[in-house]
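To keep things clear, I will list the structure first and then write my remarks on it.
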Amino acid sequence: MKKIIALLMSVILIAFTFAACGDGNVSENNNGEVDKKETITLRLWGAQDDKEMLTKLVSDFKKEHPEKEWKISISFVGEDDAATEVLKDVSAAADVFSFASDQIATLKKAGALYRVTNGDIGTRNSEPSVQAATVDGEIYAYPASSDTFFLYYDKAVFSDEEVKSLEKILAKDTGDKITNFAMKIDDGWYSSSFFFTAGCTLFGEDGKDKTKCDFNSEKGVMAANYMIDLANNKKFANLDDAKIKAGFKARTLGAAVSGTWNADDIKKSLGEDFGVTKLPTIRLDGEDKNMVSMANFKLYGVNAQTKHPEEAHELADFLTDRAAQETRFKVRSYAPTHTDLAGDKETLASNEVVAALTAQSRHSILQTSIDQVANFWTPAEAFGTGLIDGTVTKQNVKEKLDAFVSAVLTSIKEEDTTK
């Protein structure tokens, strides 16, 4: 009998050992009983430049939720490319991903976003950021930060007074080795600023009328002619982010238009000569007008096809709560949307980059998120390319703008993107 009991105990012990080796962690509670943690596997997509910050935030998230065993992998997909990558195969995309707010309508239409039911999101964030995260009256994303572009400059080249006017920036003799001013005018996000400054609108005053774009109006022609003169100015260069950073590092660039994501690199290159401010004025029709930028928001969405919706929402909420936004502000100079932080003028002013973004936000237009905006970027790029290579001239500019606007307003074919 004793041998039989001993044998049974051995079998039970072996069975328990194998069970403990399965999915999840095994721990002992206060009563000496064994508890098994549920294992949750999630994938997160974010910007490459945010790698270190996201890694730390995910680690903090795990510590705050010890009740489960978390397996969270991070891959890097830029906010600008998020919708393109997600829509290749929604089922294969990350459970939680960051994206630019202009993509929200497209993602929602494709059935790629889980609706946000946490009412706190709509009250803890600024009204514009909540608006950007909303489609058809429902919130579909978590606001993380606000975004627009502004001016970086080398204080060894320009004074604080000189950078207030683009005409003054371009007129200064900086020698043959220094390019006075750079921006990417073959990118619609940047080039639209000239049209907005002239008083044009993209999809109407509220950005929601897919039948309206007046970039080919008299005001639009005035803006385009200014851009033609700019493109032909030897003191101007059409540069992307990488070349802008390289120019400041080599001290061959005086001023350039970019955003918060390049702040750390440019500051390291310029040191005590690091300067940052709102966009300058440009002279249109005899009047100096502050350049008007296109503004958007960085949002976090939860994949509608995630296998762990509750946990995915917990992660997205954590990555965008007050503490996380404060981390973004301190580590990456991202402007917060959380009202506790966005309303703290003293704190915002303590970061010169965010202070510049905040100042420029007073001269910005919220980037539209209607489906029709998908038609804007390619013709805007083509028009900008024409400015650079000289095929857009003051003689044919109205014709080129008519073609530009026609392409923007072409009806988007309705397709079932949920298949």
Checklist outcome for this item: Rounded to the nearest 10 Å², the accessible area of residue 67 using a 1.4 Å probe with every protein chain kept is 100 Å²
Checklist outcome for this item: What helix-only [θ] at 222 nm does the chain give? Using -39500 (n - 2.57) per DSSP H run of at least 4, over all residues, to the nearest 500, the answer is -12000 deg cm²/dmol
Next on the checklist: Quick check: with the 1.4 Å probe, what order do 350, 193 take by accessible area, largest first?
Outcome noted: 350, 193
Next on the checklist: Going by amide H atoms built from the backbone, whose H comes under 5 Å of the H on residue 139, apart from near neighbours?
Outcome noted: 116
Checklist entry - Which three semi-axes in whole Å describe the equivalent ellipsoid of segment 298-397, each the square root of 5 times a Cα gyration tensor eigenvalue, listed largest first? => result 35, 24, 11
Next on the checklist: Quick check: net charge around residue 139, other residues with Cβ under 11 Å of its Cβ, Lys/Arg +1 and Asp/Glu -1?
Outcome noted: -1
Next on the checklist: Suppose the Debye formula is applied to equal point scatterers at every Cα of segment 101-163; what is log10 I(q)/I(0) at q = 0.16, 0.25 Å⁻¹?
Outcome noted: -0.58, -1.06
Checklist entry - For residue 239, which sequence-distant residues (separation of 5 or more, or a different chain) have an amide H within less than 5 Å of its own amide H, given hydrogens modelled in the peptide plane? => result 183, 184, 185
Checklist outcome for this item: Each label sits 7 Å from Cα toward the beta-carbon; between residue 234 and residue 345 the label points are separated, in nm, by 4.6 nm
Item to check | J(HN,Hα) series, segment 292-304, from Karplus relation 6.51 cos²θ - 1.76 cosθ + 1.60, nearest Hz, glycine and proline x | outcome: 9, 9, 8, 10, 9, 9, 8, 10, 10, x, 10, 4, 4
Item to check | Karplus-derived 3J(HN,Hα), 6.51/-1.76/1.60, for each residue of segment 43-59, Hz, glycine and proline x | outcome: 10, 10, 10, x, 6, 4, 5, 9, 3, 4, 5, 5, 4, 5, 5, 5, 4
Checklist entry - What residues have an amide H closer than 5 Å to that of residue 113, excluding those fewer than 5 places away on the same chain, when H is modeled at 1.01 Å from N in the peptide plane? => result 304
Next on the checklist: Quick check on my link table: of 245/345; 168/400; 245/298; 212/398, which ones sit more than 19 Å apart, alpha carbon to alpha carbon?
Outcome noted: 245/345; 168/400; 245/298
Next on the checklist: What Kirkwood Rh does segment 76-204 have if only Cα atoms enter the pairwise 1/r average? Answer in Å.
Outcome noted: 18.1 Å
Item to check | Computed over the chain: relative contact order in percent, which uses C-alpha pairs under 8 Å that are six or more apart | outcome: 22 percent
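Would you please give the FRET efficiency between residue 63 and residue 138, computed as 1/(1 + (r/R0)^6) with r the Cβ-Cβ distance and R0 = 35 Å, to the nearest 0.05?
Values: r = 32 Å, r/R0 = 0.92.
For R0 = 35 Å, the calculated efficiency reads 0.65.
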Checklist outcome for this item: Taking 289, 330 and ranking on accessible area (1.4 Å, protein atoms only), highest first, one gets 330, 289
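What does the accessible area per residue of the chain come to in Å², with a 1.4 Å probe and no ligands, DNA or RNA counted?
Accessible area per residue, the chain: 49 Å².
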Checklist entry - Can you give me the Cα centroid spacing of segment 196-253 and segment 328-383 in angstrom? => result 17 Å
Checklist entry - How much of the calculated P(r) for segment 240-374 lies past 23 Å, in percent of all Cα pairs? => result 49 percent
Checklist entry - Carbon and sulfur atoms: what percent of the 1.4 Å accessible area of the chain do they account for? => result 50 percent
Checklist entry - Once phi is turned into ³J(HN,Hα) by the Karplus curve 6.51 cos²θ - 1.76 cosθ + 1.60 with θ = phi - 60°, what whole-Hz value does each residue of segment 91-96 show in order, with x for glycine and proline? => result 5, 9, 7, 5, 5, 9
Next on the checklist: For q values of 0.21 Å⁻¹, compute log₁₀ I(q)/I(0) with the Debye formula on a Cα-only model of segment 132-260, without solvent.
Outcome noted: -1.23
Checklist entry - What is the dipole size for segment 120-223, taken about its Cα centre, with +1 at each Lys and Arg Cβ and -1 at each Asp and Glu Cβ, in debye to the nearest 20? => result 180 debye
Next on the checklist: Taking R0 as 56 Å, what FRET efficiency do you get between residue 75 and residue 410 from their Cβ-Cβ distance, rounded to the nearest 0.05?
Outcome noted: 0.95
Item to check | Accessible-area value, residue 212, 1.4 Å probe, nucleic acids and ligands omitted, Å² | outcome: 110 Å²
Item to check | Per-selection metrics, segment 310-365 (Cα): Rg and Dmax in Å | outcome: 12.6, 39
Item to check | Distant alpha-carbon pairs in the chain (separation over 33 angstrom), percent | outcome: 42 percent
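Percent antiparallel among DSSP beta bridges with both residues in the chain, to the nearest 5?
60 percent
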Next on the checklist: If you count only protein heavy atoms and use a 1.4 Å probe, how large is the accessible surface of residue 208, to the nearest 10 Å²?
Outcome noted: 130 Å²
Checklist entry - So for 362, 283, what's the accessible-area order with a 1.4 Å probe, most first? => result 362, 283
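The values are calculated or read from the model by the stated rules, or taken from the named source; none is laboratory data. Everything numeric here is computed off the predicted structure, so don't read it as measured data. When we count neighbours, we look across all protein chains shown, and the Cβ atoms used for this are built from the backbone with ideal geometry, even at glycine. These accessible areas exclude ligands, DNA and RNA; they are computed on the full protein's heavy atoms, side chains included. Shrake-Rupley method; radii C 1.70, N 1.55, O 1.52, S 1.80 Å.
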